[in-house]
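Trainee: One structure follows; several queries about it will come next.
The values are calculated or read from the model by the stated rules, or taken from the named source; none is laboratory data. Bear in mind that the values here come from a model prediction, so they are computed numbers and not experimental data. Side chains included, ligands, DNA and RNA excluded: accessible areas come from the protein's heavy atoms. Shrake-Rupley method; radii C 1.70, N 1.55, O 1.52, S 1.80 Å.
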Amino acid sequence: MEAKDPNSILSKAYEAMDWLNEWLKPKYLEAKELTENNEWENKYENSDCLLKGLLQNDAMTVGDTDFKMEDEIGLLMALMFAAYDTSATSLNNLIYAMYKNPEQTEIVREAIMKHPQLSDPDAAFTMDMLKECNEMECFIQESQRQFG
């Protein structure tokens, strides 16, 4: 598509997309290099993320088609925006469930405060910690079932 009027919304969207691609390109290249050289863990110890998984499993291409870097970054942005919407909705549902169920919310709060890692403000949150706190996991799942 062509945006002939430099002041049009479409022209500004293309300009913003170009700016975002240029900003993300060095970060993406670094992630590719870290993954290819098995250096990810040295820089980001005990971290898993979508980008790492996609790069490790050659999931940035479709069939025999070689994507350009801009295509790969575009795919990542689409996944990021999809994840943002899902996360925002899930958090909204969780907060609403807490508002509607103050007694259950207090039970979860007490369980969190009794958990040695979840109650430590300096501990890095992990999915394993979530799984260890049954009250919190059940509350989150129920909020998504009920309101999601």
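Trainee: Could you tell me the center-to-center distance, by alpha carbons, between segment 102-122 and segment 74-90 in angstrom?
Mentor: Between the Cα centres of segment 102-122 and segment 74-90 lies a distance of 28 Å.
Trainee: Per residue, how much accessible surface does the chain expose to a 1.4 Å probe? Answer in Å², no decimals.
Mentor: Here the per-residue accessible area is 76 Å².
Trainee: Further question: Tell me the relative contact order for the chain as a rounded percent, counting alpha carbon contacts under 8 Å between residues six or more apart.
Mentor: Dividing the mean separation by the residue count of the chain yields 17 percent.
Trainee: Extension gain residue 85-residue 112, at 0.36 nm per residue separation less the Cα-Cα distance, in nm?
Mentor: Taking residue 85 through residue 112 to full extension adds about 7.1 nm, to one decimal.
Trainee: Let me ask another. Suppose the Debye formula is applied to equal point scatterers at every Cα of segment 97-141; what is log10 I(q)/I(0) at q = 0.32 Å⁻¹?
Mentor: Log-scaled intensity ratios, in q order: -1.17.
Trainee: Taking a quarter of the surface of the convex hull around the Cα atoms of the chain, what do you get in nm²?
Mentor: In nm², the orientation-averaged hull projection of the chain is 13.2.
Trainee: Mind scanning 4/68; 12/32; 25/68; 43/131 and naming the pairs with a C-alpha gap bigger than 18 Å?
Mentor: With Cα atoms farther than 18 Å apart: 4/68; 12/32; 43/131.
Trainee: How much of the accessible area of the chain, probe 1.4 Å, is carbon plus sulfur, in whole percent?
Mentor: For the chain, the apolar C and S fraction of the accessible surface comes to 55 percent.
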